[in-house]
1. Show the residue pairs that are 6+ apart or on different chains and have beta-carbon atoms under 7 Å apart, the first residue being within segment 305-322 and over 16 Å from ASP76 (Cα atoms), the second being part of a loop (DSSP other than H, G, I, E, B) and modelled with pLDDT of 85 or more.
2. So is ILE464 modelled with pLDDT of 85 or more and over 26 Å from the mean Cα position of the chain (by Cα) or not?
3. Could you go through segment 176-198 and let me know if any residue there is closer than 30 Å to GLU307 by Cα and either small (Gly, Ala, Ser) or touching a residue at least 12 places away in the same chain (Cβ under 8 Å) (or both).
4. Hey, among the residues in segment 326-340 that are more than 21 Å from ASP76 (Cα to Cα) and free of Cβ contacts under 8 Å to residues at least 12 places away in the same chain, which one's most open to solvent (accessible area, probe 1.4 Å)?
5. For residues that are among the basic types (Lys, Arg) and either crowded, with 18+ Cβ neighbours inside 10 Å or farther than 26 Å from ARG358 by Cα (or both), scanning just segment 502-536, find the one that is modelled with the lowest pLDDT.
6. I'm checking my understanding of the structure. Among residues of segment 346-374 that are aliphatic (A, V, I, L, M) and touching a Ser or Thr at 6+ places or on another chain (Cβ under 8 Å), which one is most open to solvent (accessible area, probe 1.4 Å)?
7. Could you grab me the full set of residues in segment 483-501 that are open to solvent by 50 Å² or more (accessible area, probe 1.4 Å) and either over 31 Å from the mean Cα position of the chain (by Cα) or of a type in the set (A, V, I, L, M, F, W, C) (or both)?
8. Answer yes or no as to whether ILE222 is in contact with a Pro (Cβ under 7 Å, 6 or more places away or on another chain) and either assigned to a helix (DSSP H, G or I) or among the aromatic types (Phe, Trp, Tyr) (or both).
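The values are calculated or read from the model by the stated rules, or taken from the named source; none is laboratory data. Just so we're clear, the structure is a prediction, and the values are computed from it rather than from any experiment. Counting neighbours? That spans all protein chains shown, and the Cβs are built from the backbone with ideal geometry, glycine included. These accessible areas exclude ligands, DNA and RNA; they are computed on the full protein's heavy atoms, side chains included. Shrake-Rupley method; radii C 1.70, N 1.55, O 1.52, S 1.80 Å.
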Amino acid sequence: MASFDYKEALKKIPHKPGVYQYWDEHNELIYIGKAKDLRNRVSSYFVKDHHVNSKTKVLVSKIRNITFTIVDSEVDAWLLENSLIKKHQPRYNVMLKDDKTYPWIIIKNENFPRIFWTRRIVRDGSKYLGPYASVSMMHTILGLIRETYPLRTCNLALTPQNIAAGKFKVCLEYQLGNCKGPCQNFQSEPDYNNCINEIKDILNGKINGVIRDMKQEMETAIGNLDFEGAHRYKRKLDLLENYQSKSTIVNSSITDVDVFSIASEEKYAFVNFLKVMNGTVIQTQTLELKKRLDESDAELLSLAISEFRSRYNSQSKEIIVPFEMELDDPNIRFTVPKLGEKKKLLDLSQKNVQFFKREKIDQYEKLNPEVKTERLLTQMMKDLRMNTLPRHIECFDNSNFQGKYPVSAIVVFRDARPSKKDYRFFNVKTVEGPNDFATMEEAVHRRYRRLLEEGQELPQLVIIDGGKGQLSSALKSLKLLGIDKQLTIIGIAKRLEELYYPGDQYPLYLDKKSETLKIIQQLRDEAHRFGITAHRKKRDKGTLATELELIPGIGKLTAEKLLKYFKSVKKIKEAKKEELLEVINLKQAKAVLEYFTSEATPPNPLKGEQEIDFV
């Protein structure tokens, strides 16, 4: 494979704005980019260390030729890049995932123009308004137009010559009042075009001016005692005001702005667009972009802005965005609002893009459950500052009752899901009394000593249910085993859900809605549940054994032997002599039978004593 001398290629590239193209050894276009300074931008691919992003490293390794196009300004480069990407769709460029053909409302270029919707644009001089991401909204607008303005729906050639020659007759639509009959010259062309101009204003969001003019016409009709005409205007006004009330209204001082927001994932990004005219949101759409390299949000948003403004033919001078944009254009002002009406608009856009993102991700994850797992693990890795995906997580919790019957529980999650077959609990052996720190130290040491002895894999993440004290005790055991650098260990304190790291003075606080925190809480709660279950079994067994020890001749070992065989005191009480002899000797069997059958059975000193459940 021939090597590429990028230094020689850079000498030919000027310090000017433009668009650059990368080609591979098969002369196939693999990447298109824009730049304010072509040489500086292209050279950055070769002199920067791309080890963080393997995809960029692969792209650079495939480059065998560089071509470029010089333009007058950065804005021209911005627009040219977008059109070239859509035309060539290079392998390593962001892919605009938008396979829908959205409908438009068309005002035909003809005498007495018709208005209808279409998905196909024909360059015949007709005016297209849209596109409409919501088909139902488009039909609502067309319904309003048809109810308010009687327009023709036929496809007759209504030229002045044909009308003057009397070639046409009015149809049923005229009889129903849905058309004023321009085909027979019952409506003049200036009057018809006046309706069309009002419709254009409505479609462009200038509805207040139409309402104002219509009110004036209604007042004039009333002054002329034309009450039937005034009633028609009143009906149209009601329709327009009802439509306006259903539109998203913002401050009327915001006359013509575009609003954009972005939400990113590892492989996808989503950009929402709102078009605001005269205080009303008249267009909205969300675009999905599939990442190919490690594109920043600013790069992705720049591409989406170019696409949306081209698609909607927007000429807005102001663009509201969530962060500063590096684009020098004297005709466009980027605004990053902090408060007020414009901030509310940006919040509305962000709410829409987050909803769209959540909906799309849910669809992906239903079809591909492993996608959700990878996303969750990647998010956990980022949130917890880890170097590897936490595919294997273990969580420790201690349970005891006033220092008695201590148990340490370990629950295991694999790929963010419980692996119950791997759950374990330890009966504490070396700790006397209620010492939570020493109990944690013993449990962690016994767990990982055994894993090391058996050659099993260590978890990537260990969670300790407790604060700094329990975490320090657990870390002490890991250091003793020499594995403290091989895994990540954190502690979670219950009061404020604080996450503690070894050696960090201050805890880490995750968003309460964070999926990472929810998984950690699920682990903690599962360890708590499993630990209490094991503790209660041990405590109940100990309590029952104590009751049997009240029988003369029955010691601790015999009581445990009876419980192990019969499973409960009730079954021991109901057992016959022959059954008891299967476990104990004749003298002990007689003592048990006498204890449970005698009317003089000594009272159980444990009865009446309040039993406190460990929580």
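1. Pairs found: ILE320/PRO337; VAL321/VAL336; PRO322/VAL336.
2. yes
3. yes
4. LYS338
5. Applying the filter and picking the extreme gives ARG536.
6. So, considering only residues that are aliphatic (A, V, I, L, M) and touching a Ser or Thr at 6+ places or on another chain (Cβ under 8 Å), the one most open to solvent (accessible area, probe 1.4 Å) is LEU348.
7. Matches in segment 483-501: LYS485, GLN486, LEU496.
8. no
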